[in-house]
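I have placed the structure first, in the form of structure tokens, so that the comments after it can refer back to it.
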Amino acid sequence: MVGSLRCQDGQRVTIVGNLPRFQEGESLIISGEWQLHRRYGRQVVVQQWERLIPATPAGLTRYLSSGLIKGIGPVTARRIVKQFGLQALEIMEKEPERLREVEGIGEKKAAQILESFNRYKDLQNVMVFLQGCGIGISHAMRLYKQYGPQAIDRVKENPYRLAGEVYGIGFKTADRIARRMGLPEDSPERVKAAIIFTLIQEANQGHVCLPLDMLFEKVKGLLDTDTSGRAAYPLQEQLQILERENHVFCDRPAGTDVVYYAPFYHAELGVARRLKQLLEPRRQWDAGEMKSALETVAATGARLNAEQLQVLEKSMQSGVLVVTGGPGTGKTTTIKALLALFQSLKQKVVLAAPTGRAAKRVTEATGGEAYTIHRLLEYTFSEGEGFRFQRNEANPVEAQVIIIDEASMVDLLLMYNLVKAIPPGCRLVMVGDVDQLPAVGAGNVLKDLIQAGTIPCVRLQHIFRQARESMIIVNAHRVNQGEMPFLNRKEKDFFFIAEEDPERVAGLVVQLACARIPRFGPYDPVHDIQVITPMRRTAAGVEQLNILLQKTLNPAQKHKPEISVKGTVFRLGDKVMQVRNNYQKEVYNGDMGLISELDLEEGELVVTFRDSAADRPVVYDFSELDELVLAYAVSVHKSQGSEYPVVILPVITQHYLLLQRNLLYTGITRARKMAVLVGTKKALAIAVRNNKAEERYSYLDRRLRLESGASGS
């Protein structure tokens, strides 16, 4: 925030920093460093702050209604101060039962206020300690959210644990805390933490492991050493200790030394071994039974081509099958046919997909109930064990056939938990588009299964006649083959608007989403139209477009409550997206919804998600809003697994770093009825030509070949 502080001597000082919501009129003690901003002049960069107990009724009212004490908004704060005067805080602490004397506060609300008030006192103590360790306010809030009153003890035990356990805190922050606490620069804990953190960070970029030399280079960079060789820090020695402790594993799957963080090593080996076991199904059907089952499917009216019939035949012959194909090649029809086929053979079939949106789409398309993979595996929380999959080797899924749609979105860890829960003899069919962007998590499972050559695979390549009439599908395939898309064919569904200036591109996108396309449709600008863009921080990137679209589609109004979090305003009616998996709330990275309630008094908002047959409301405390972002515009990566009636996609040279063929292909294939590209043909050509998809360090394909006894590089 940027604020103006009126000092005791009357002068005004500009303050800047990561600070919680303050109310005008609050009293603070601020310390920090002066800086001279070339445009705004002299200002204080805040390093520490402390709220002072206000000495006036008005100040106390503002203090109580600041939002830190849940259940006290402006109205309740005024009533508390009217009832108790300047003794309000003392009464809340020493005689809490008296809160019920205040108009509008019953037993339930009093208990809620007191719980929040006590938590706030704990928070203040934690804040003082953490700020003394050099931790900023936003990170301190995250720590308190993770550990509660035990935050101080956890930090003292091992500050480096924060880098792996607390969302949003990296190694640099944990290292700064450790150094403030006196841990030496060359301490073994520091080196080991840097190795683990690097492996986890690279896993977040998709890598299952890292070559040894690359790992050491990244770790040295993290430790701020530019010395050559490994002697400056005992990297090799600490790596060996981590390996002895089974935190990491060193291996040579392709003749080069690589290092795995333990969960990914176990997952890669486990997936390869389990798939080999599943390849041989226990149940085999003779030629007569197979023919009868295929005739039953034909009797449903399904018109299948040779490729799709091959899928049905192979699914009856093999325990594991991969089906891949682009848009318009009949993947959904094939899933429906597989469902009918195995039901005719009296097999229990389970449908699943990686996300709620994808599962909902499978349900709507096939008529059969589809689960998210997490729900299928009963991912739940239990005291003492935390979050875990209830379905596993000892308690497998009750199914004889499992069909997974949108398989390109399945990462290695999820795949491992899935195959562990598949009972012996159960068939597994993975359906997805291998040419789309890979999973957000580590690994490239679908691609590795196909490249291994040991798992039966059918590629659907025939584009059906109805699909060939859609320029969205025609152009998606052209892009995938390295050809420029056809632009602006009359009476079609794929449009290109030429504009070079990034700010004008952003303006055009807003006009299209808010006015031009809704009139053309009619399409609802919030529910039917999705802006998808390659990058976050550009004039036509996710962040700027969200600001512009929110301003037009859901402007500030007196009757609409809103809350500002780190520069983002969340307003009643806003379209938002969950950006991390929250298994407790059963909402996952990429889920979209609308803010349907926003209660400043209670300090919470409700997001209604459309990820199932019925809309599902999910409650968020204001302290949890770092899990949400505005979603009028989203990145291409976040759009995976979704389809929208209309997609608007900026394609400009400012996005040069991410102009890749598979990214453009993925963006186009999110559109169901209309795709509109805004930008330059030059940028479009760059993306079409650039087929150098980012390589991921993953050796699942090699391990599959080793398990099967096959050779190959």
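The values are calculated or read from the model by the stated rules, or taken from the named source; none is laboratory data. Being a predicted model, the structure only gives us computed values, none of them experimental. With ideal geometry, Cβ positions are generated from the backbone for all residues, glycine too; neighbour counts draw on all protein chains shown. To get the accessible areas, we keep the full protein, side chains included, count just its heavy atoms, and leave off ligands, DNA and RNA. Shrake-Rupley method; radii C 1.70, N 1.55, O 1.52, S 1.80 Å.
What the table shows:
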| quantity | calculated |
| --- | --- |
| Pairs where the first residue, in region 663-691, is more than 17 Å from HIS527 (Cα to Cα) and in contact (Cβ under 8 Å) with a residue 12 or more places away in the chain and the second is open to solvent by 10 Å² or more (accessible area, probe 1.4 Å) and assigned to a strand (DSSP E or B), C-beta under 6 Å, 6+ apart | LEU677/PHE496; VAL678/ILE497 |
| Any pair with Cβ under 9 angstrom, 6 or more apart, that starts in region 370-394 at a residue that is modelled with pLDDT under 85 and ends at one that is outside any strand (DSSP E or B) | THR380/GLN390; THR380/TYR583; PHE381/TYR583; PHE381/GLN584; SER382/GLN390; PHE387/TYR583; PHE387/GLN584 |
| Residue in region 599-613 that is modelled with the lowest pLDDT, counting only those that are touching an Asp or Glu at 6+ places or on another chain (Cβ under 7 Å) and over 18 Å from GLY356 (Cβ atoms) | GLY603 |
| Which numbered condition ARG303 fails, given (1) in contact with a helix residue (DSSP H, G or I) (Cβ under 9 Å, 6 or more places away or on another chain); (2) free of Cβ contacts under 8 Å to residues at least 24 places away in the same chain; (3) within 18 Å of ARG702 (Cα to Cα) | (3) |
| Wholly within region 429-491, helices (runs of 4 or more DSSP H) carrying at least 3 residues that are open to solvent by 40 Å² or more (accessible area, probe 1.4 Å) | 445-452, 465-468 |
| Residue in region 588-595 that is free of Cβ contacts under 8 Å to residues at least 24 places away in the same chain, out of contact with any Asp or Glu (no Cβ under 9 Å at 6 or more places or on another chain) and not hydroxyl-bearing (Ser, Thr, Tyr) present | no |
| Residue within region 580-592 that is of a type in the set (Gly, Ala, Ser), modelled with pLDDT of 85 or more and in a loop (DSSP other than H, G, I, E, B) present | no |
| Which numbered condition GLY301 misses (of (1) closer than 30 Å to THR666 by Cβ; (2) assigned to a loop (DSSP other than H, G, I, E, B)) | (1) |
| Extreme residue, modelled with the lowest pLDDT, among residues of region 614-627 that are open to solvent by 10 Å² or more (accessible area, probe 1.4 Å) and not in a strand (DSSP E or B) | ALA614 |
| Region 63-76, residues that are open to solvent by less than 20 Å² (accessible area, probe 1.4 Å), aliphatic (A, V, I, L, M) and over 17 Å from LEU52 (Cα atoms) | ILE72 |
| Residue among ALA267, ALA306 that alone is small (Gly, Ala, Ser) and either in contact with a strand residue (DSSP E or B) (Cβ under 7 Å, 6 or more places away or on another chain) or surrounded by fewer than 17 Cβ atoms within 10 Å (Cβ to Cβ) (or both) | ALA306 |
| Filter result for LEU630 (buried (at least 20 other Cβ atoms within 10 Å of the Cβ) and not polar (S, T, N, Q)) | yes |
| Criterion: more than 24 Å from the chain's Cα centre (by Cα), touching a residue at least 40 places away in the same chain (Cβ under 8 Å) and crowded, with 16+ Cβ neighbours inside 10 Å - qualifying residue of LEU239, LEU210, LEU223 | LEU239 |
| Positions within region 161-182 being among the aromatic types (Phe, Trp, Tyr) and in contact with a Lys or Arg (Cβ under 7 Å, 6 or more places away or on another chain), in sequence order | TYR167 |
| Conditions (1) more than 28 Å from ALA442 (Cα to Cα); (2) part of a loop (DSSP other than H, G, I, E, B); number of the one not met by SER642 | (1) |
| Search result, residues across region 523-564 that are among the aliphatic types (A, V, I, L, M) and touching an Asp or Glu at 6+ places or on another chain (Cβ under 7 Å) | ALA539, ALA556 |
| Qualifying positions in region 279-298 - surrounded by 14 or more Cβ atoms within 10 Å (Cβ to Cβ), outside any helix (DSSP H, G or I) and in contact with a Gly (Cβ under 6 Å, 6 or more places away or on another chain) | PRO281 |
| Filtered residues of region 549-564 (kept if surrounded by 17 or more Cβ atoms within 10 Å (Cβ to Cβ) and either under 23 Å from the mean Cα position of the chain (by Cα) or among the hydroxyl-bearing types (Ser, Thr, Tyr) (or both)) | LEU549, GLN550, ILE563 |
| GLN23 vs. criteria in contact with a helix residue (DSSP H, G or I) (Cβ under 7 Å, 6 or more places away or on another chain), at pLDDT 90 or above and open to solvent by 50 Å² or more (accessible area, probe 1.4 Å) | no |
| Single match in LYS336, LYS276 (criterion: assigned to a helix (DSSP H, G or I), open to solvent by 30 Å² or more (accessible area, probe 1.4 Å) and closer than 19 Å to CYS457 by Cβ) | LYS276 |
| Matching residues in region 492-520 - criterion: being surrounded by fewer than 18 Cβ atoms within 10 Å (Cβ to Cβ), among the small types (Gly, Ala, Ser) and closer than 15 Å to ALA633 by Cα | GLY507 |
| Residue identified as open to solvent by 50 Å² or more (accessible area, probe 1.4 Å) and assigned to a strand (DSSP E or B) among GLU543, GLU597 | GLU597 |
| Options SER642, SER708, SER698; residue that is under 22 Å from ILE472 (Cβ atoms) and either open to solvent by less than 30 Å² (accessible area, probe 1.4 Å) or not aromatic (Phe, Trp, Tyr) (or both) | SER642 |
| Verdict on ARG537 being in a loop (DSSP other than H, G, I, E, B), over 27 Å from the mean Cα position of the chain (by Cα), surrounded by fewer than 15 Cβ atoms within 10 Å (Cβ to Cβ) and at pLDDT below 85 | no |
| Region 664-713: number of residues that are of a type in the set (Ser, Thr, Tyr), over 19 Å from THR256 (Cα atoms) and modelled with pLDDT of 90 or more | 4 |
| Total residues in region 391-409, condition within 27 Å of the chain's Cα centre (by Cα), more than 12 Å from VAL419 (Cα to Cα) and part of a loop (DSSP other than H, G, I, E, B) | 2 |
| Count of residues meeting criterion [under 22 Å from ALA407 (Cα atoms), touching a helix residue (DSSP H, G or I) at 6+ places or on another chain (Cβ under 9 Å) and in contact (Cβ under 8 Å) with a residue 60 or more places away in the chain] in region 631-662 | 12 |
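Residue-by-condition table, conditions (1) of a type outside the set (Asp, Glu); (2) touching a residue at least 12 places away in the same chain (Cβ under 8 Å); (3) crowded, with 20+ Cβ neighbours inside 10 Å:
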residue: PRO522; (1), (2), (3): yes, no, no
residue: VAL526; (1), (2), (3): yes, yes, no
residue: THR568; (1), (2), (3): yes, yes, no
residue: VAL576; (1), (2), (3): yes, yes, yes
